[in-house]
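What follows is a short report on a single structure.
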Amino acid sequence: MRSPKDFFAPLAVGAPDPVREIPALPSRMIHFFDPSNAKMAAKVPDLAKKVDVLLGNLEDAVRADRKEAARQGLVEIAKATDFGSTQLWTRINSLDSPWVLDDLITLVTEIGDKLDVIMVPKVEGAQDIHYVDRLLAQLEARAGLRRPLLVHAILETASGVANVEEIAGASPRMQGISLGPADLAASRRMKTTRVGGGHPGYLVRTDPVGEDLHEGRTTYQQDLWHYTVARMVDACAMHGILPYYGPFGDIRDVVACEDQFRNAFLLGCVGTWTLHPVQVDIAKRVFSPEPKDVAWARKVIAAMGDGTGAVMIDGKMQDDASVKQCRVVAELADKLAERDPELKQAYDEATKEALA
Ligand SMILES: CC(=O)SCCNC(=O)CCNC(=O)[C@H](O)C(C)(C)COP(=O)(O)OP(=O)(O)OC[C@H]1O[C@@H](n2cnc3c(N)ncnc32)[C@H](O)[C@@H]1OP(=O)(O)O
Ligand SMILES: O=CC(=O)O
Ligand SMILES: [Mg+2]
């Protein structure tokens, strides 16, 4: 264990200084593509204009015999594409795989200046982040990079969940954590074969009304992922990093996808993965606060002056705590408005109306 005083010291001679604060850049959707898939790769320049984050996936969903093509494809795409202010991330292969060492060596050396974040799958504990942290520092020093790469962990093993707080705080490189419901379900031996989302069998039922145990009893489906997402959000907030929902595998069911994304948004997640172009607009809609909520937040902030005391607005009590809630929404809206002129206009128009 390093001394707390050394937490922000570079882990290799010549490596860039670690960042002291994780930038809260818009990342409503982390859009996955397989860089070895020519059809998907052809869509990258257009997608770069629509999404907040593009992620070249090298791990699961890329066939074993396409791993090297995917790695090389990502290098070529990164060199050839102007991403503008859209972030470029990658998901490397797992730390016990035969590909990960070459993934890291090749990507940091060839396109380390273009990559923002490296997503690490199947993280079990802080030791996995420490391994990647030191290796990245060595590779950054050798490549002469001036900006440190950030690290994102997928929460998708039972021991990862048990250790989520130490993972979140393992390195100043830690940018965020995503829920990985598919691998996590397998690791926990949950009996669902779905990739994220709910399950109709996971429910609670109202009491019996008479002798017949079946008659008149309403059931309510529960969220299989509530506990894990809530725990992940707390761990991330505690360490100043960003939490994300992960994959929603039923591409056709855009309605349930929106529900799952919205649950995550309301619980504190800043974004989600999108696996198919059809999920991009859903993520954008859900992870951008609604204009009426932004207008309300701005109205409360304006009415609360220095942020202390209590006032009544439209029949609702506001005080020091609720103004902080409003600031969360208003600050997110300001960040998104900088990136999205249409959203800015919608937020400003709704605010004008609310303050009139
Ligand atoms: C549990 C986990 O690890 S989740 C993370 C790993 N999984 C992934 O990354 C999956 C990524 N997504 C995909 O592989 C695909 O979207 C699939 C396999 C789910 C569906 O692919 P398809 O059957 O081709 O879907 P569909 O026919 O609807 O695609 C329509 C078009 O969108 C393209 N497309 C599909 N997904 C993507 C994507 N993620 N990015 C860019 N383009 C895409 C297709 O190539 C196709 O292009 P075309 O019109 O030129 O033919
Ligand atoms: O990698 C994601 C998952 O759900 O597993
Ligand atoms: Mg996984």
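Computed from the coordinates by the stated procedures, all read-outs in this text should not be read as laboratory data. Not measured: the values here are computed from a predicted model. Here the Cβ positions follow ideal geometry from the backbone for every residue, glycine too, while neighbour counts run over all protein chains shown.
Numbers at a glance
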read-out: Per-residue [θ]222 nm for the chain (sum of -39500 (n - 2.57) over DSSP H runs n ≥ 4, rounded to 500); value: -13000 deg cm²/dmol
read-out: Nonlocal amide H pairs with Ile30, under 5 Å, H built at 1.01 Å; value: Thr272, Trp273, Thr274
read-out: For segment 221-229, Karplus couplings with θ = phi - 60° (6.51, -1.76, 1.60), whole Hz, Gly/Pro x; value: 6, 9, 8, 4, 9, 4, 4, 5, 5
read-out: Karplus (6.51, -1.76, 1.60) ³J(HN,Hα), θ = phi - 60°, over segment 266-278, in Hz, Gly and Pro reported as x; value: 5, 7, x, 6, 9, x, 8, 7, 10, 9, 9, x, 5
read-out: log₁₀ of I(q)/I(0) at q = 0.29 Å⁻¹ - segment 191-246, Debye sum with one point per alpha carbon; value: -1.09
read-out: Range in the chain, longest, excluding exposed GluC sites (Glu not before Pro) [loop by DSSP; at most 15 other beta-carbon atoms within 10 Å]; value: 22-210
read-out: nm² value of the averaged projected area, convex hull over the Cα atoms of segment 1-91; value: 8.3
read-out: Leu242 long-range amide H proximity, modeled H, under 5 Å; value: Gly176, Ile177
read-out: Segment 76-176: trypsin sites (Lys or Arg not before Pro) in DSSP loop, at most 11 other beta carbons within 10 Å; value: Arg146
read-out: In order through segment 137-149: 3J(HN,Hα) via Karplus (6.51 cos²θ - 1.76 cosθ + 1.60), integer Hz, x for Gly, Pro; value: 4, 5, 5, 4, 4, 5, 7, x, 6, 9, 10, x, 6
read-out: Per-selection Kirkwood Rh - the chain (Cα, Å, 1 d.p.); value: 21.9
read-out: Shape category assigned to segment 198-315 from the gyration tensor of Cα positions, a/c cut at 1.5; value: oblate
read-out: Under 16 Å between alpha carbons - lysine pairs in segment 4-287 that sit 8 or more apart or on different chains; value: 4
read-out: Beta bridges per DSSP with both ends in the chain, % antiparallel, nearest 5; value: 20
read-out: Aspartates and glutamates with Cα under 15 Å of Lys299, excluding same-chain neighbours fewer than 8 positions away; value: Glu290, Asp314, Asp319, Asp320, Glu331, Asp334, Asp348, Glu349, Glu353
read-out: Rh by Kirkwood over Cα pairs, then Stokes-Einstein D for segment 291-355 at 1.306 mPa s and 10 °C, µm²/s; value: 134
